[in-house]
1. Inside region 57-154, counting only strands (runs of 3 or more DSSP E) that do not spill past its ends, which hold 2 or more residues that are without any contact (Cβ under 8 Å) to a residue 24 or more places away in the chain?
2. Scan region 333-348 and tell me whether some residue there is under 22 Å from residue 477 (Cα atoms), touching a residue at least 60 places away in the same chain (Cβ under 8 Å) and assigned by TED's automatic domain parsing to the domain that holds residue 172.
3. Can residue 221 be described as under 15 Å from residue 300 (Cα atoms), in contact (Cβ under 8 Å) with a residue 24 or more places away in the chain and either surrounded by fewer than 22 Cβ atoms within 10 Å (Cβ to Cβ) or touching a strand residue (DSSP E or B) at 6+ places or on another chain (Cβ under 9 Å) (or both)?
4. Test residue 388 against the criterion of being in contact (Cβ under 8 Å) with a residue 40 or more places away in the chain, part of a strand (DSSP E or B), closer than 26 Å to residue 179 by Cβ and touching a strand residue (DSSP E or B) at 6+ places or on another chain (Cβ under 6 Å), and give yes or no.
5. Does region 327-346 contain any residue that is under 29 Å from residue 134 (Cβ atoms) and outside any helix (DSSP H, G or I)?
6. Which count do you get for residues in region 80-108 that are exposed (fewer than 13 other Cβ atoms within 10 Å of the Cβ) and within 23 Å of residue 127 (Cβ to Cβ)?
7. How about region 200-215: which of its residues are touching a residue at least 60 places away in the same chain (Cβ under 8 Å) and in contact with a strand residue (DSSP E or B) (Cβ under 6 Å, 6 or more places away or on another chain)?
8. Could you list, in sequence order, all residues of region 424-438 that are in a loop (DSSP other than H, G, I, E, B) and surrounded by 14 or more Cβ atoms within 10 Å (Cβ to Cβ)?
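The values are calculated or read from the model by the stated rules, or taken from the named source; none is laboratory data. No experiment lies behind these values; they were computed from the predicted model shown. FYI the Cβ positions are ideal-geometry reconstructions off the backbone, even for glycines, and counts take in every protein chain you see.
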């Protein structure tokens with residue numbers, strides 16, 4: 001989840017109940033604090049740092065995981081205005097405010113959207129300030145944990161449920177994965193993303209909010225279904241959604257996860273970026289890698305750092321089983337295809353136990369056609385990518401379920417050789433990718449990124465696989481003859497033809 005999400009939440013209607021202001025509260029200069037209930041017993045705090053100098057106003061807006069300076073600030077009596085970005089920025093927001101004693105009321109004006117109003121009160125000088133920076137540890141190699149010898153498969157709550165996920169939903173998803181055959185097809189992880197956290201007790205132990213009253217009982221339930229439970233945190237003081245992060249409590253949290261019976265951790269950079277540079281990432285992720293290993297419990301470790309700092313070159317050394325190679329995916333063709341077809345350079349770094357992660361699957365969320373979702377599934381399988389469904393599995397359609405549970409496509413993704421596909425040819429909108437598989441087999445994907453059907457002529461030299469292969473179409477589940485020196489295939493717009501090539505001898 002990127003900081004776009006954090007800034008979006010800051011634009012919500014905010015209300016706070018902070019102690020009364022000290023004398024001189026009518027002065028605009030200071031820190032103005034707003035808190036909004038999350039609906040689960042926790043609050044999200046936003047701080048406006050304002051500094052008046054005559055008729056000009058400077059300052060910033062602080063969310064849990066970002067601090068954004070504003071521009072063009074002016075003051076006229078009890079009214080003021082500032083902007084989130086220069087006029088050339090299409091995401092620019094204009095803030096128009098009025099101060100009245102202890103309170104400032106700010107109206108947000110954004111193109112194409114209704115005006116919104118927020119209210120905040122004067123806070124202390126420490127409002128919005130970060131804890132003291134803990135120096136990163138010295139680098140070393142975290143030993144391989146022996147997990148994820150094939151790419152992890154399962155489900156994650158974020159794409160569909162975001163902050164509305166709760167224990168009842170997770171239990172129902174687990175039930176659905178058993179009933180609809182996804183578990184038996186290989187999807188075993190049930191992963192809770194952000195917004196499960198509360199604060200900490202006196203000993204520093206992380207607490208769950210009222211959406212998740214008993215995480216240990218939930219883990220036991222998921223395990224009873226033959227599934228595994230995953231959880232989410234951040235190396236920063238806050239998560240992407242502004243909840244409690246693991247900063248300064250890495251060992252505490254790892255022990256808590258182990259005691260609960262957690263099997264998978266997604267660790268999202270977010271607020272860590274306010275304390276550390278991207279160059280600190282290897283050491284900061286290593287810190288949690290060491291903590292997880294010290295628990296003695298097998299916990300798959302997923303690094304979520306949006307592909308920054310060339311993570312594929314150091315993710316395994318930090319203890320990672322998988323690492324994000326990109327920003328967040330969205331449920332549309334442009335996002336999915338841009339991410340998926342942009343993975344070629346990362347191929348050499350994938351291997352059993354350590355995988356490039358182009359983000360979760362959007363299959364079934366409604367933003368693409370069935371043809372595009374088959375391309376999504378095919379491309380992720382060719383990339384040896386983790387297969388983490390992100391849709392509502394309680395109401396999945398037969399067509400979508402068929403895409404997600406296609407055993408022949410899954411077999412390509414889960415091939416034990418652990419090699420990622422590479423692009424061998426690009427001709428306009430047509431791309432051909434090949435992937436070596438175990439037992440001298442090969443997978444071949446012919447992709448059409450164009451807006452019309454393409455008749456593609458393929459030479460065996462293009463594939464570097466001339467002679468001796470029987471072809472199997474894994475979407476039609478039909479044999480397609482023997483690989484010829486030259487052959488043609490029709491590929492629909494935004495579609496794919498995916499073959500498994502089996503050596504004849």
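1. Filter on region 57-154 gives 71-76, 79-83, 94-100, 103-109.
2. Taking every residue of region 333-348 in turn, none turns out to be under 22 Å from residue 477 (Cα atoms), touching a residue at least 60 places away in the same chain (Cβ under 8 Å) and assigned by TED's automatic domain parsing to the domain that holds residue 172.
3. No; evaluated as a whole, the condition is false for this residue.
4. So residue 388 passes the test.
5. yes
6. 2
7. 209
8. Result: 429, 437.
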